[in-house]
Amino acid sequence: MKSLAFAFLLSTAAIAGPSLAMELSRPAMPDTLPAASQFRLAYPQTAKGDISETQFGEAIADPYRWLENDVRVDAKVRDWVTAQNGVTDAYLQTLPGRAAFAGRLKALYDYERFGLPVKAGTRYFYMRNSGLQNQAVLYVRDGLDGTPRLLIDPNPWAKDGATALAEWKPSKDGKYLVYAIQDGGTDWRTLKVLDVATGQPMADEIKWAKFTALAWTKDGKGFFYSRFAEPEAGQQFQSLNLDQTLYFHKLGTPQSADIKVYATPDRPKLSHTGQVTDDGKWLVITSAEGTDARYEITLIDLTRPGVAPRTLIGGLENNWELAGNKGSLFYFLTNRDAPRQRVVTIDVASPSLKLAEIVPETAATLDGAAIIGDKLVLTYLSDAKGVAKLATLDGKPAGDVALPGIGSIGGFGGEPGDPETFFSFTSFNAPTTIYRYDTATGRATVFAQPRTAFNPADYEVSQRFYTSKDGTRVPLFVVHKKGLDLKGGAPTILYGYGGFNISVTPAFSPANLAWMEAGGVYAQASIRGGGEYGKAWHDGGRLAQKQNVFDDFIAAGEYLIAEGVTTRGKLAVRGGSNGGLLVGAVVNQRPDLFAVGLPAVGVMDMLRFNRFTAGRYWVDDYGDPGKETDFKVLRAYSPYHNVHGGTDYPAILVTTADTDDRVVPGHSFKYAAALQAAAIGTKPHLIRIETRAGHGSGKPTDKIIEEYADLWAFTARWTGLDLPAAH
């Protein structure tokens, strides 16, 4: 299990009702565009309140707090959203590259995409998108070479395509499938069950699941899931998430009969997820308080009903990820006494529960481990690039997994006794390909490889290293068309994240490809706060060290300019979620360095982030604004509180979704209002607010294309990228 940073990862969606979606719907791109010189920018008037609160001796003004209110219930906020979208859309319609980008994005997204297969019994389950489907579809094969059969198609679930198939898990024999429905991008899930043979839904239905794993018992008679209590009416998209509880659902029974398996009412901030071991004998419960990879592990013996849960690992001190078990011998990936992680075993039948090291820490960061067949598959990050190795179950090296190039890998799911597994490979110029791998023979074969409307050989990918403010060496990927003339610098988008132990690695994006096809450069910095170099790299960019993240990103921009890749007038910065915070902070600190800022679904009010939905998890990375030491750090870089007039800012296009219930949109609303009220120059400072979209996951393909067309046209205008006018 990865860190509860999943409660923060960038996704896309929102949860407005049908009437609201119609009121705030975005206009289609016109056939003819008004000239930019004829457009006069006038921001909507945003009312200022007189709220000011003294925190640790400092008066903190919050004039736009009313914009935190829920757009579904507050008419004033809804009117403000409508007015802001009206101004933004009117401006975007003046940009000649908008329609050209939209057309090319549509062509680039129109390619067949596959997810990793999951084997259950003799069946193989996998996601597929034929190209421009708004939502990916679930297929099943009876046997590896069986004919694909459509199992679940979520595309008809909503007229706007914004209801998605989220998490799913087949029973061990492949007879049943539990699946989650995500409406409009919300983090809330409704769980249902399907009979795989008939393809028909069963009567089972579960409400208010959130941040949950799905774990079947070996006999397929039921499954474990995590949920919160039903929120109060009108608060489901803003109230704090507390008291997560692990339940067991028996097939054929109502949710009211579900059995409470594990809860900690005396520690309401703990979250709990369950995992059943491959032999079906044990339920492994992972508990966490925040986003940090610091877990407690609790064990329940499923062969002895009524036996009390047993604490295996206590203290919330280290990362513990189950790699598998052989009887009572459990294998865990951990950073205990190993900042770049190692594999250890624990014999749960022994009262002493002593650790035994199996795979020691290395210079590369161990990112994943799993028992497949009779081998351990180990995945590493080496300078932000994927590497995979094999080891015997006693830790001896057993060879490398050959990869097709420099990129990112994922997958390697499976179980002891079966050597078959699947993994994915992707890079900046290589769409995700799925491989079948046999740990016994070491042979990899292609399971699914997409065909695309571009030639990967036309693009150059290089990894460079630059020096940050304090002397730290930071990796940077630079990607562009081969033969691109960089004399005088090219318009460049610099992307970063920098938080929550999340590694930024090479990956294919049709949107980024469209930017590079047009003559732009894409750069990606693996700055501190992520997990590229283990615990020390993460710790070096959080809490009191958070400024290092901003310094690393600023230094990346300065490096690109010094190396002649771009210039100050041609450099754009982009990031989402924690990366949106990153963009807001560096633009405030160095407005002279950038031509464009593109903060998406960002955390912009660092003094109130922990008061909404999943925000309370994030104190692990940010600190607690209720503590004076943390408050002073947060106050110093909070984007909303550090917009200062008297200097010219770059052009800024804030993006969010009106009902994001991960990072509530009030963050972006307040930040945009502060930008528009400040004397920061004449360049546009706009906000684009999507409807029926949330933090990212489940976002329909057509909305993705529309959004990137707007972003790239805006960026092209203010970085000087030459684009053809629409015809």
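Of note:
- Options L593, L581; residue that is closer than 19 Å to D62 by Cα and either modelled with pLDDT under 95 or open to solvent by less than 10 Å² (accessible area, probe 1.4 Å) (or both): L581
- For L686, the criteria (1) hydrophobic (A, V, I, L, M, F, W, C); (2) in contact with a strand residue (DSSP E or B) (Cβ under 8 Å, 6 or more places away or on another chain); (3) surrounded by fewer than 23 Cβ atoms within 10 Å (Cβ to Cβ) hold in every case but one, which is (3).
- Test for D89: is it of a type outside the set (K, R), at pLDDT 95 or above and within 20 Å of E690 (Cα to Cα): yes
- From the options I285, I300, I313, residue that is open to solvent by 10 Å² or more (accessible area, probe 1.4 Å), hydrophobic (A, V, I, L, M, F, W, C), in contact with a Pro (Cβ under 8 Å, 6 or more places away or on another chain) and over 30 Å from V401 (Cα atoms): I300
- Cross-chain or 6+ apart pairs with Cβ under 8 Å, region 149-178 first and under 19 Å from G698 (Cα atoms) and outside any strand (DSSP E or B), then open to solvent by 40 Å² or more (accessible area, probe 1.4 Å) and among the aliphatic types (A, V, I, L, M): none
- Odd one out for P456, checked against (1) at pLDDT 95 or above; (2) in contact with a strand residue (DSSP E or B) (Cβ under 7 Å, 6 or more places away or on another chain); (3) not β-branched (V, I, T): (1)
- Every residue from region 190-220 that is part of a loop (DSSP other than H, G, I, E, B), under 30 Å from T613 (Cβ atoms) and over 18 Å from the mean Cα position of the chain (by Cα): L214
- Search result, residues across region 109-127 that are in contact with a Leu (Cβ under 8 Å, 6 or more places away or on another chain), in a strand (DSSP E or B) and open to solvent by 30 Å² or more (accessible area, probe 1.4 Å): M127
- 3 or more residues open to solvent by less than 20 Å² (accessible area, probe 1.4 Å): qualifying strands (runs of 3 or more DSSP E) within region 377-443: 385-392, 420-427, 430-438
- When every residue of region 321-331 is checked against the conditions, at least one turns out to be in a strand (DSSP E or B), open to solvent by 10 Å² or more (accessible area, probe 1.4 Å), touching an Asp or Glu at 6+ places or on another chain (Cβ under 8 Å) and free of Cβ contacts under 8 Å to residues at least 24 places away in the same chain.
- Here is the figure for region 625-680: residues that are in a helix (DSSP H, G or I), open to solvent by less than 10 Å² (accessible area, probe 1.4 Å) and of a type in the set (S, T, N, Q) total 1.
- Q38 being more than 30 Å from L165 (Cβ to Cβ), out of contact with any Lys or Arg (no Cβ under 8 Å at 6 or more places or on another chain) and at pLDDT 50 or above: no
- Residue ID - surrounded by the fewest Cβ atoms within 10 Å (Cβ to Cβ), chosen from residues in region 533-578 that are more than 18 Å from I652 (Cα to Cα), out of contact with any helix residue (DSSP H, G or I) (no Cβ under 6 Å at 6 or more places or on another chain) and of a type in the set (S, T, Y): Y559
- From D702, D710, residue being part of a helix (DSSP H, G or I), out of contact with any Ser or Thr (no Cβ under 7 Å at 6 or more places or on another chain) and surrounded by fewer than 22 Cβ atoms within 10 Å (Cβ to Cβ): D702
- Top-ranked residue of region 223-270 - restricted to ones that are at pLDDT 95 or above and small (G, A, S), ranked as least open to solvent (accessible area, probe 1.4 Å): S226
Table: residues versus (1) of a type in the set (A, V, I, L, M); (2) open to solvent by 50 Å² or more (accessible area, probe 1.4 Å); (3) under 13 Å from G519 (Cα atoms).
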| position | (1), (2), (3) |
| --- | --- |
| P475 | no, no, no |
| P491 | no, no, yes |
| G498 | no, no, no |
| V504 | yes, no, no |
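- Cβ-Cβ distances below 6 Å connect the following pairs, each with a first residue in region 274-290 that is within 13 Å of L312 (Cβ to Cβ), a second residue that is part of a loop (DSSP other than H, G, I, E, B) and open to solvent by less than 10 Å² (accessible area, probe 1.4 Å), and a separation of six or more residues or different chains: S287/L270.
- Search result, residues across region 461-502 that are assigned to a loop (DSSP other than H, G, I, E, B) and without any contact (Cβ under 8 Å) to a residue 12 or more places away in the chain: G471, G483, D485
- Every test in (1) open to solvent by less than 20 Å² (accessible area, probe 1.4 Å); (2) within 25 Å of the chain's Cα centre (by Cα); (3) at pLDDT 95 or above is passed by D292 save one, and that test is (3).
Per-residue answers, yes or no, for (1) of a type in the set (D, E); (2) modelled with pLDDT of 95 or more; (3) at negative phi; (4) over 21 Å from the mean Cα position of the chain (by Cα):
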residue	(1), (2), (3), (4)
P397	no, yes, yes, yes
I406	no, no, yes, yes
F425	no, yes, yes, no
A430	no, no, yes, no
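- Among the conditions (1) in a helix (DSSP H, G or I); (2) buried (at least 24 other Cβ atoms within 10 Å of the Cβ); (3) in contact with a Ser or Thr (Cβ under 9 Å, 6 or more places away or on another chain), V619 misses just one, which is (2).
- So G530, is it at pLDDT 95 or above and open to solvent by less than 10 Å² (accessible area, probe 1.4 Å): yes
- Any chance D187 is assigned to a loop (DSSP other than H, G, I, E, B), surrounded by 15 or more Cβ atoms within 10 Å (Cβ to Cβ) and under 22 Å from the mean Cα position of the chain (by Cα): yes
- Residue within region 332-345 that is in contact (Cβ under 8 Å) with a residue 60 or more places away in the chain, assigned to a loop (DSSP other than H, G, I, E, B) and surrounded by fewer than 19 Cβ atoms within 10 Å (Cβ to Cβ) present: yes
The values are calculated or read from the model by the stated rules, or taken from the named source; none is laboratory data. Just so you know, these numbers come straight off a predicted model, no measurement behind them. For neighbour counting, all protein chains shown are included, and Cβ atoms are generated from backbone atoms with ideal geometry for every residue, glycine included. The area values use the complete protein model at the heavy-atom level, side chains included, leaving out ligands, DNA and RNA. Shrake-Rupley method; radii C 1.70, N 1.55, O 1.52, S 1.80 Å.
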